[in-house]
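Only one structure is covered here, and it is reproduced in the block below.
The values are calculated or read from the model by the stated rules, or taken from the named source; none is laboratory data. Note that this is a predicted model, so its numbers are computed, not measured. Cβ placement follows ideal geometry from the backbone for every residue including glycine, while neighbour counts extend to all protein chains displayed. Accessible surface areas use protein heavy atoms only, side chains included; no ligands, DNA or RNA. Shrake-Rupley method; radii C 1.70, N 1.55, O 1.52, S 1.80 Å.
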Amino acid sequence: DTQLTAKLQELLANNSELSYRQVYEKLQSEEAFKEVGFKKVQKLMRDLKGDGHEGYSNDNEKFDKVEVASPLPQPKEVEICISRPDISQKFGMMIDIEPNSGGHRISEIREGGLVEVWNREHPDNAIRVNDILISVNGKITFDEMMEQFKSELSCQLRRKPMEGLKVDDSEAKKEASDWERRRARVTAALVPGLKKIIDSEFGAGAGDRLGRIEKMYHRVGSNDIFKEELPSGSRLAPGYVENLTPVTPFHDVKDHPWCAELQKHWKGIRQELKRNFDESLWTAGAYQKSNEAYGKDWKIMGVLTEDTWQDEKRFKVTTGALKELKGIK
């Protein structure tokens, strides 16, 4: 042990930052100390420390201790109330369906919504993407919170700010990536099909003159939103086609009487839709490639297809409302 102790003192004198494991490996490289065990090295190094060996510090114990990082302080929960004069105004905030970190992660804040207005007016208490929404008017499940957003004029939001939170957004990223791939497949399926229809209606080669439409589809497929500032406000057009006239980005429903006609029947139309959620009533679309592009379970239920009313009995209110519109046979 005297020879081993002397060797340890020599190693530590040269480098006091050596750990147990590093000292042990240096000893193993010399024939005289190959039979020395790791635990013996630890014991002698502790003894040297206890004797006040110069240059040896507690830092050398790091290999026989488990260092645990101090947990981040939990962010404080914050409550705010956002109100609106009527339910036609949207809150403009999207949240993840699946719960995360004690609530639902805020995934998007949309331009022009009430939340964006709140953020502009309260920058020190702004709601941000990745904050965790805990409850809305005391409701904590996704469906309950969404119902509050739809039906209530005032919403008391309880949330945890994003600072200090590690949010598992891997599923959200995967879903977004899957959606982008589906979107690209939709574009690839629609353009050739549209050209074929145009060729059949207007003659061979007519489909090749759809350059602006094809560009529009590719813009939609890449999620590119056309933006333009006009005297009447901001124009946002995901389905923008170049040089179309007249340019009317905003429409007043008063200028379109058919809107009022449909509005008179909206409750009945909604009720008919709710009554017909039976899976057996929904069928795949006519174009297989488009169906696959939208999703493996993509299905439709037609009301008016190729100038033919599909089921006037099942959709009595909807069919009647549409037939009242000018130009609908």
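When the listed pairs 7/39; 274/326; 274/323 are checked against a 19 Å cut-off, the alpha-carbon distance exceeds it for 274/326; 274/323. In terms of the Cα gyration tensor, with a ≥ b ≥ c the square roots of its eigenvalues, is the range 196-254 rounded because a/c is under 1.5, prolate because a/b exceeds b/c, or oblate? It is prolate, given that a/c is not under 1.5 and a/b is the larger ratio. Rolling a 1.4 Å probe across all protein chains gives residue 141 an accessible area of roughly 60 Å². Evaluating 6.51 cos²θ - 1.76 cosθ + 1.60 at θ = phi - 60° for every residue in the range 147-159, the Karplus couplings come out as 5, 5, 4, 6, 10, 9, 7, 10, 10, 8, 9, 10, 9 Hz, glycine and proline recorded as x. Mean separation of Cα pairs under 8 Å and 6 or more residues apart, divided by the residue count, gives the range 115-157 a relative contact order of 30 percent. Taking all protein chains as they are arranged and a probe of 1.4 Å, the heavy atoms of residue 297 leave approximately 120 Å² accessible to solvent. Taking 269, 80, 300 and ordering them by how much accessible surface each has at a 1.4 Å probe, largest first, produces 300, 269, 80. For the range 8-39, the set of GluC sites (Glu not before Pro) satisfying both a DSSP loop assignment and a count of at most 12 other C-beta atoms within 10 Å is given as 17, 30, 35.
In this structure, the amide hydrogen of residue 135, modeled 1.01 Å from its nitrogen in the peptide plane, lies closer than 5 angstrom to those of 158, counting only residues at least 5 positions away or on a different chain. Less than 5 angstrom separates the built amide H of residue 100 from those of 105, all sequence-distant by 5 or more or on a different chain.
In terms of accessible area, using a 1.4 Å probe and ignoring ligands and nucleic acids, 314, 120, 270 rank largest first as 120, 270, 314. Taking amide H as placed 1.01 Å from N in the peptide plane, the amide H of residue 226 sits under 5 Å from that of 237, 240, each at least 5 places away or on another chain. The accessible area of residue 225, taken with all protein chains in place and a 1.4 Å probe, comes to roughly 70 Å². If you sort 309, 258, 298 by accessible surface, 1.4 Å probe, largest first, the order is 258, 298, 309.
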